[in-house]
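The values are calculated or read from the model by the stated rules, or taken from the named source; none is laboratory data. Because the structure is predicted, anything quoted here is derived from the model rather than measured. Cβ coordinates were reconstructed from backbone atoms using ideal geometry, including for glycine residues, and neighbour counts include every protein chain displayed.
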Amino acid sequence: MLMFNNLIDGEWMSDGARSPNVNPSDTNDVIGEAVRGTRAQADGAVAAAKAAFPAWSRATPQIRYDILKKASDEILTRKDELGRLLSREEGKTLPEGVGEAARAGQIFAFFAGECLRMAGEKLASVRPGIDVEITREGLGVVGLITPWNFPIAIPALAYGNTVVVKPADLVPGSTWALVDILHRAGLPNGVLNLVIGRGSEVGAALLEHPDVAAISFTGSVATGHKVAAACVASRPMKKFQLEMGGKNPLVILDDADLKVAVECAANSAFFSTGQRCTAASRLIVTKGIHDKFVAALTERLSGLKIDDALKAGTDIGPVVDQSQLDQDLKYLAIGKEEGAKLAFGGERLKREAPGFYLQPALFTDVTNKMRIAREEIFGPVAAVIRVNDYAEALVTANDTEFGLSAGICTTSLKYASDFKRNAEAGMVMVNLPIAGVDYHVPFGGRKGSSFGPREQGKYAAEFYTTVKTAYTMP
Ligand code: NAD
């Protein structure tokens, strides 16, 4: 059995209470035991990160590059094993888990390169004889509070910050494995600390600690608002970045290639069991293609294999745990009560091993006012909303408090261009699944989905650094 311990100041700490890490595909399979970190351990991790910051922030780009590149190489070499761990603890299918592990390796390679590419600016002053230089510096101690569905992405180290990471207590294994790799790659003690534990204890300790300069949070809207309030109330105030939920629209127009539209919808709404912040949970379909699309999507869904995430050939794994399953079932009941028609699925499934299996569910006859079209369900449940034309589709797509990703399936350049321009979302896809994104370009949303600078790509520097303007009279 694996032991997921905390790393504080370069030491693995195993003391304290432990929680089992259970495989949602087979609840008899206990993957390991995670320590339940305490407030005192979180405080110790912050102190270690603070002490490590001066040296790490001044380390040469070559030193930082070498460590991040070494970690990237190991992640890529072990991607099958790491992907398997992720699938086993989280329930995404093995190809999805391996893909995500490979992506983590690529992100580290990208940010290793960013260490070498970080540049400033030198300008002539408006006053005679003076030079002006603009440089970027790390912030200090950064707290990373991450969710259970996307636990492995850390660009903060590249910019000279020191880090305390708190993964969701439900899936600590993948973050633990990543921290272990980085530690062995040669990060000095205290530069990266791992404190697994409850949000209300370890997360809250990071939010309240005056030596934490910034918080990068990924998770639900409700927790995101608590994080924001705590960062503003903190003295000194903390910089914060929030990546939260979505109710992402995928528009299907009459002129869409039906096959492309069905693949985009099946992938965006149901793969990863719909448990992606970028999942398309609203399928907004114009009336000319509506019936054909629903029939073709239903047929596609009936051919999908819902089973153990680790089994070859599984298309959709289980829901992550009992409470998420309860939430999905609750929304299935709400949808029916609201008058939507359950056109496919929604049955609790039994498989060889006991797990949280749910058949993908497709509602039709949904209006954009219904709760199933407005609230994030975070499961394999999608709502089809019939509209008259492109204009109504665009208004409907934007009629949401969220703004993470949005997609359109059309063969019309005119509509595709208009949608890219006018969709109120941080990421827009044309004739592509809306959940798949590249690792070297900005990731994030607007409106109620996100707050603060984007993650990933060179734009990540906007959050993880602060700018200094220096004036020199030579
Ligand atoms: P969550 O908000 O319950 O938890 C996220 C993290 O916050 C966990 O580590 C949790 O322990 C911690 N936390 C909880 N209460 C806290 C508190 N009071 N103080 C400090 N920390 C606290 O979210 P979840 O259920 O783990 O993840 C699912 C949610 O994450 C969905 O809403 C999904 O859309 C969102 N998500 C967003 C993105 C994105 O990039 N936009 C990516 C992945 C997931």
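Pick from 44, 32: which is of a type outside the set (Val, Ile, Thr) and within 28 Å of residue 90 (Cα to Cα)?
Answer to the check: 32.
Residue 202: within 13 Å of the ligand (Cβ to nearest atom), β-branched (Val, Ile, Thr) and surrounded by fewer than 22 Cβ atoms within 10 Å (Cβ to Cβ), yes or no?
no
Test of understanding: among 158, 48, which residue is of a type in the set (A, V, I, L, M), over 17 Å from residue 464 (Cα atoms) and crowded, with 18+ Cβ neighbours inside 10 Å?
Result: 48 is the single residue among 158, 48 that is of a type in the set (A, V, I, L, M), over 17 Å from residue 464 (Cα atoms) and crowded, with 18+ Cβ neighbours inside 10 Å.
Quickly run through region 205-230 and pick out the residues that are more than 8 Å from the ligand (Cβ to nearest atom) and either within 26 Å of residue 21 (Cβ to Cβ) or in a helix (DSSP H, G or I) (or both).
Residues satisfying the conditions are 205, 208, 215, 216, 225, 228, 229.
Only one residue in 123, 116, 187 is surrounded by fewer than 22 Cβ atoms within 10 Å (Cβ to Cβ), more than 16 Å from the ligand (Cβ to nearest atom) and at pLDDT 95 or above. Which one?
Going through 123, 116, 187 in turn, just one is surrounded by fewer than 22 Cβ atoms within 10 Å (Cβ to Cβ), more than 16 Å from the ligand (Cβ to nearest atom) and at pLDDT 95 or above: 116.
I need the full set of residues from region 410-424 which are part of a loop (DSSP other than H, G, I, E, B) and crowded, with 16+ Cβ neighbours inside 10 Å, in order please.
Passing the criteria: 410, 423, 424.
Does any residue of region 49-68 turn out to be among the hydrophobic types (A, V, I, L, M, F, W, C), in contact with a Phe, Trp or Tyr (Cβ under 6 Å, 6 or more places away or on another chain), at pLDDT 95 or above and closer than 28 Å to residue 114 by Cβ?
Yes, there is a match, as at least one residue in region 49-68 is among the hydrophobic types (A, V, I, L, M, F, W, C), in contact with a Phe, Trp or Tyr (Cβ under 6 Å, 6 or more places away or on another chain), at pLDDT 95 or above and closer than 28 Å to residue 114 by Cβ.
On the basis of being surrounded by 18 or more Cβ atoms within 10 Å (Cβ to Cβ), outside any loop (DSSP other than H, G, I, E, B) and under 22 Å from the mean Cα position of the chain (by Cα), does residue 7 make the cut?
Here the answer is no, as residue 7 does not meet what is asked.
Yes or no: residue 195 in contact with a Leu (Cβ under 9 Å, 6 or more places away or on another chain), more than 10 Å from the ligand (Cβ to nearest atom), among the hydrophobic types (A, V, I, L, M, F, W, C) and touching a residue at least 12 places away in the same chain (Cβ under 8 Å)?
So residue 195 passes the test.
Looking at (1) assigned to a helix (DSSP H, G or I); (2) over 21 Å from the mean Cα position of the chain (by Cα), can you tell me which one residue 129 breaks?
Failed condition: (1).
Take region 425-474 and flag every residue that is under 25 Å from residue 395 (Cβ atoms), part of a loop (DSSP other than H, G, I, E, B) and within 15 Å of the ligand (Cβ to nearest atom).
Within region 425-474, 425, 426, 434, 435, 444, 445, 446 qualify.
Picking from 457, 407, 403, which residue would you name as being buried (at least 19 other Cβ atoms within 10 Å of the Cβ), in contact with a Phe, Trp or Tyr (Cβ under 9 Å, 6 or more places away or on another chain) and either in contact (Cβ under 8 Å) with a residue 12 or more places away in the chain or on the phi < 0 side of the Ramachandran plot (or both)?
Answer to the check: 407.
Just to be sure, is residue 181 near the ligand (Cβ under 10 Å from one of its atoms), modelled with pLDDT of 95 or more and either more than 20 Å from the chain's Cα centre (by Cα) or assigned to a loop (DSSP other than H, G, I, E, B) (or both)?
When the stated conditions are applied, residue 181 does not pass them.
Can you tell me which of 44, 16 is assigned to a loop (DSSP other than H, G, I, E, B) and either within 30 Å of residue 309 (Cβ to Cβ) or in contact with a strand residue (DSSP E or B) (Cβ under 7 Å, 6 or more places away or on another chain) (or both)?
Within the list 44, 16, the selection yields 16.
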